[in-house]
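Beneath this line is the structure, given in structure tokens, with notes to follow.
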Amino acid sequence: MSSSVPAVQPGRIRVLKQSADTKPAGPVVYWMFRDQRLKDNWALIHAVHQANQWEVPVAIAFNLFNQFKGAKARQLGFMLRGLKKLHSDLQSTLDIPFYLFQATVDSIPSFLKECGASLLVTDFSPLREVRQWKEEICKRVNESVSIQEVDTHNVVPVWVASDKLEYGARTIRNKINKKLPEYLVDFPDLRTPKRKWATASNFIDWDNLIASVVRQGAEVPELEWCEPGERAALEVLMGDKTGFLKARLKNYSTDRNNPLKPKGLSGLSPYLHFGQISAQRCALEAQKVRKLNPQAVDAFLEELIVRRELADNFCFYQPHYDSLQGAWEWARKTLMDHAADKREHLYTREQLEKAQTADPLWNASQLEMVYCGKMHVKLICIMMYWAKKILEWTSGPEEALATAIYLNDKYHIDGRDPNGYVGCMWSICGVHDQGWQERPIFGKIRYMNYAGCKRKFDVDGYIAYIKRTVGECKKRKAEALLNNKAKELRS
Ligand code: FO1
């Protein structure tokens, strides 16, 4: 590829800060945040391309927030194990150093100053904490540093798909589909940098770091069903034996409504959330097998592209994306009109967290989230049922929303994600939904009850399945505890 051709479509790049320098002389730093992968990463491609154009070195920096929105062992363990693999891949392939910082608002600015960087490339997240960090960094770096943001999480960059808050999938779908020919393209090869980084890259004691983070966050233990890292992610997507596109696609669109076959889910959500796989890679590979299963591929692409980009669109253009203020006027009004309606049960956050309600179906869905780190979100009605009952069982819509988001962020492996916020806002405040027949408590918000679930799937089978799964989880934990005790006694 000639150096004049931009490696990354210009529409993917947003300039957050333009430096005064015309001939940049300092290195390029890619501050990796949401897209924690080497393959198919437009932000990394752009950083290396720019560095090669200016014939300067390039490095990757990662900020570790020790308490990112309540993340525990489940999320941080998964993320750090993935980064450990990324670091070793980086050392054995590209000659690019990887720096890990204990996040303070000054860690990136002082690193840029120390290495005299000319350009900071960041990947894109619509969440307010991330945007506040970037605004703060723009203020703290000197005028010779440019800062550019690359949306490498979405196939069509959020600001290209739409310049405003969209009403729902039906209003954003065509806008996205129109741009797919331009943006759903294959990735250029990642070039190795022309210039080596001055200092030898530092040693990172991953095992010690992971052990301490997992110990601190032990309240929400790691999961067994998803192995972290880019290779594991690609295996889940297209591995010969169990890969989604190879072995499980055929029952995707039907099985999404059968909770007893968890394999019906793509299983990709943890990898997509931490950016260990690119949605664009998933879409490109899915298109290759579309002839075999057009309906399942289209259902998968709808989730993967339209629904996920709709969630980023909501969080990007709606500052109150996780509170009642972020709901449409009609929804806020109808929920407030019914906020004082009599509630049949009232449960505290702790009772809900411990699945101590009188509803066995709801308890099963809560236990699945606590023990398996996910709910059959593809089976919309379970996630919807889970959230809507919280509206019925708490004192008002604000408390319901805060409780649903708290539980979702704490126990989901892919919590703290636009998808999760939109899931809760859709269920409780009718975001991306329409109004329905008015009724107590819900007002015109779509209603869902036990009978509704019974019509859609085998509720008793699901409850029994979760009982078995939780029982097995507890047994494994007890055995692990005994083994550790025995080891301690022997040592
Ligand atoms: N990204 C980071 O750059 N540093 C972190 O320490 C970090 C922790 C973290 C914990 C849980 C989680 O779900 C995501 C986390 N991320 C972290 C990824 C990043 O926060 C994502 O961009 C956001 O979830 C926004 O999409």
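The values are calculated or read from the model by the stated rules, or taken from the named source; none is laboratory data. Fair warning: this is a prediction, and the values are worked out from it, not measured in the lab. So basically every Cβ, Gly included, is an ideal-geometry build from the backbone, and we count neighbours across all protein chains shown. Ligands, DNA and RNA are stripped out before the accessible areas are found, and what is left, the full protein with its side chains, is counted by its heavy atoms. Shrake-Rupley method; radii C 1.70, N 1.55, O 1.52, S 1.80 Å.
When only residues in the stretch 239-282 that are touching a Leu at 6+ places or on another chain (Cβ under 7 Å) and surrounded by fewer than 20 Cβ atoms within 10 Å (Cβ to Cβ) count, which is modelled with the highest pLDDT? Quick ask: steps written out before the conclusion?
Residues of the stretch 239-282 that are touching a Leu at 6+ places or on another chain (Cβ under 7 Å), as a first pass: 243-245, 256-257, 259, 268, 277, 279-280, 282.
Narrowing the set further to residues that are surrounded by fewer than 20 Cβ atoms within 10 Å (Cβ to Cβ) leaves 243, 257.
On the way: GLY243: 93, ASN257: 62.
Ranking the candidates gives GLY243 first.
Please find, among TRP54, TRP42, the residue that is under 28 Å from the mean Cα position of the chain (by Cα) and in the same structural domain as SER107 (by TED's automatic domain parsing).
TRP42
Mind listing whichever residues of the stretch 285-327 are within 18 Å of ILE428 (Cα to Cα), more than 15 Å from the chain's Cα centre (by Cα) and assigned to a helix (DSSP H, G or I)?
Listed by number, the residues that qualify are LEU324, GLN325, GLY326.
Could you tell me how many of the residues in the stretch 108-129 are modelled with pLDDT of 95 or more, open to solvent by less than 50 Å² (accessible area, probe 1.4 Å) and within 12 Å of the ligand (Cβ to nearest atom)?
So the count comes out to 7.
How many residues does the stretch 346-371 hold that are in contact (Cβ under 8 Å) with a residue 40 or more places away in the chain, open to solvent by 60 Å² or more (accessible area, probe 1.4 Å) and in a loop (DSSP other than H, G, I, E, B)?
So the count comes out to 1.
Could you list, in sequence order, the residues of the stretch 133-149 that are hydrophobic (A, V, I, L, M, F, W, C) and surrounded by fewer than 24 Cβ atoms within 10 Å (Cβ to Cβ)? Walk me through how you get there before you give the answer.
Just the residues of the stretch 133-149 that are hydrophobic (A, V, I, L, M, F, W, C), to begin with: 133, 137-138, 141, 145, 147.
Selection gives TRP133, ILE137, CYS138, VAL141, ILE147.
Does THR104 qualify as being within 15 Å of the ligand (Cβ to nearest atom), outside the structural domain of GLU303 (by TED's automatic domain parsing), surrounded by fewer than 18 Cβ atoms within 10 Å (Cβ to Cβ) and not basic (Lys, Arg)? Talk me through it step by step, then tell me what you get.
Working: within 15 Å of the ligand (Cβ to nearest atom): yes; outside the structural domain of GLU303 (by TED's automatic domain parsing): yes; surrounded by fewer than 18 Cβ atoms within 10 Å (Cβ to Cβ): yes; not basic (Lys, Arg): yes.
Yes; evaluated as a whole, the condition is true for this residue.
I'd like to know if the stretch 51-69 contains one or more residues that are away from the ligand (no atom under 16 Å from the Cβ), of a type in the set (Asp, Glu) and farther than 25 Å from LEU234 by Cα. Show your work before the answer.
Here is the first cut: in the stretch 51-69, the ones away from the ligand (no atom under 16 Å from the Cβ) are 51-58.
With of a type in the set (Asp, Glu) added as a condition, the list becomes 55.
Narrowing the set further to residues that are farther than 25 Å from LEU234 by Cα leaves 55.
Within the stretch 51-69, one or more residues are away from the ligand (no atom under 16 Å from the Cβ), of a type in the set (Asp, Glu) and farther than 25 Å from LEU234 by Cα.
In the set LEU38, LEU16, which member is assigned to a loop (DSSP other than H, G, I, E, B) and surrounded by fewer than 24 Cβ atoms within 10 Å (Cβ to Cβ)? Outline the logic, then answer.
Numbers: LEU16 fails: assigned to a loop (DSSP other than H, G, I, E, B).
Matching residue, one of LEU38, LEU16: LEU38.
Please identify the pairs in which a residue from the stretch 65-81 that is of a type in the set (Asp, Glu) has its Cβ atom under 9 Å from the Cβ atom of a residue that is within 9 Å of the ligand (Cβ to nearest atom), counting only partners at least 6 apart or on another chain.
Correct list of pairs: empty, since none qualify.
Acidic (Asp, Glu), out of contact with any Pro (no Cβ under 7 Å at 6 or more places or on another chain) and either in contact (Cβ under 8 Å) with a residue 12 or more places away in the chain or near the ligand (Cβ under 10 Å from one of its atoms) (or both): does that describe ASP95?
On the way: acidic (Asp, Glu): yes; out of contact with any Pro (no Cβ under 7 Å at 6 or more places or on another chain): no; either in contact (Cβ under 8 Å) with a residue 12 or more places away in the chain or near the ligand (Cβ under 10 Å from one of its atoms) (or both): yes.
Here the answer is no, as ASP95 does not meet what is asked.
Just checking, how many residues over the stretch 395-421 are open to solvent by less than 10 Å² (accessible area, probe 1.4 Å), among the hydrophobic types (A, V, I, L, M, F, W, C), assigned to a helix (DSSP H, G or I) and within 16 Å of the ligand (Cβ to nearest atom)?
So the count comes out to 1.
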